[in-house]
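Student: Below is the structure I would like to discuss, written out as structure tokens.
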Amino acid sequence: MDETRHRSRLKYAAALCLIVGIGFLVTGCDSSIKDGGKAAKEESTAVAASQGVGAEQSSGRSLSATDTVLADAIESCRDLIGLQETVAELGNPADLSPEITAVIGRKRAALRSGVRTHKISNALDLVAYRWKYIGTEKYQFQWLFEVKGPIEHNCSVYAYARVDLSHRRLLDEEFRERGLVNWTLGLKGCPPTSKWTAGEHVLAKSREISAKDIPYNVTFNLFYKDADGKSHPYGESVRLGWVADLGD
């Protein structure tokens, strides 16, 4: 399921929320806030029935119309990073219904089944990654981390990548002889690692990477700098293996 279709479903869910809210204003003017909330929930179920949407069950309770649309979008995710991107669009996890939280948990467990987890430290695992083509000779890494405990340092990412012997001639001259390139990549789109909390999944992105349109055999590690500016590795290096993405 492509990103455009995901976004369309999420927008539809938002529209349903608006419809339910308008219905409450029109029909619940003489009710208390508590009664209005009940009416909104009942109306949401009625909308689902009128749309012909199947009433899915979660913990023995039927999903509302809005939650049915969200659950459908979640279930259509094909990988862990796509799931995390979809979850991020839903807003604050604390505001999600228990039913949707359960759907997310089940889908995440299903997608992780059989997927290798890379242990970085006792506090941090890498559960998924993506090497993404964003333009001619322009790429970006995406990493999905699972936080197991506190991280004392604010970390960044260093990566090095080997290329096949037949592709060395395509590299910039400074890398050609060894067939090895290296990048300091950072961690974008997320809080500093010292702010990560146990139990959460964090999706981080690298800066834009200038790279040739060829496969790379990549190893990366996290590192941090001390008060004197000296770099230190954090945890274990992770060998990702060969990555390639030539776009659509």
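Student: Using only Cα atoms, locate the centre of the range 135-175 and the centre of the range 95-120, then give the distance between them in Å, rounded to an integer.
Tutor: Each part reduced to its Cα centre gives a spacing of 26 Å.
Student: Run the accessible area of the range 131-183 with a 1.4 Å probe and give the carbon-and-sulfur part as a rounded percent.
Tutor: Roughly 42 percent of what the probe reaches on the range 131-183 is carbon or sulfur.
Student: Along the Cα-to-C-beta direction of residue 113, a point sits 7 Å from the Cα; which residues of the range 74-97 have their amide N less than 19 Å from that point?
Tutor: Zone members listed by number: 74-84.
Student: Mind scanning 107/225; 107/212; 188/212; 138/195; 148/212 and naming the pairs with a C-alpha gap bigger than 28 Å?
Tutor: 107/225; 107/212; 138/195; 148/212
Student: Another one. Figure the gain on full extension for residue 164 and residue 242 (residue separation times 0.36 nm, minus the Cα-Cα span) and round it to one decimal in nm. Could the numbers behind the result be given before it?
Tutor: On the way: separation 78, 0.36 × 78 = 28.08 nm, distance 1.01 nm.
Between residue 164 and residue 242, full extension yields 27.1 nm more.
Student: While we're on this one: Could you give the accessible area per residue of the range 197-248, probe 1.4 Å, as a whole number in Å²?
Tutor: 57
Student: Relative contact order (percent) for the range 83-191, with alpha-carbon contacts under 8 angstrom and 6 or more residues of separation?
Tutor: Once normalised by length, the contact order is 16 percent.
The values are calculated or read from the model by the stated rules, or taken from the named source; none is laboratory data. Quick caveat: nothing in here was measured; it's all calculated off a predicted structure. Because the Cβ atoms are built from the backbone with ideal geometry, glycine has one as well, and the counts that use them run over all protein chains shown. Only protein heavy atoms, including side chains, enter the accessible area calculation; ligands, DNA and RNA are left aside. Shrake-Rupley method; radii C 1.70, N 1.55, O 1.52, S 1.80 Å.
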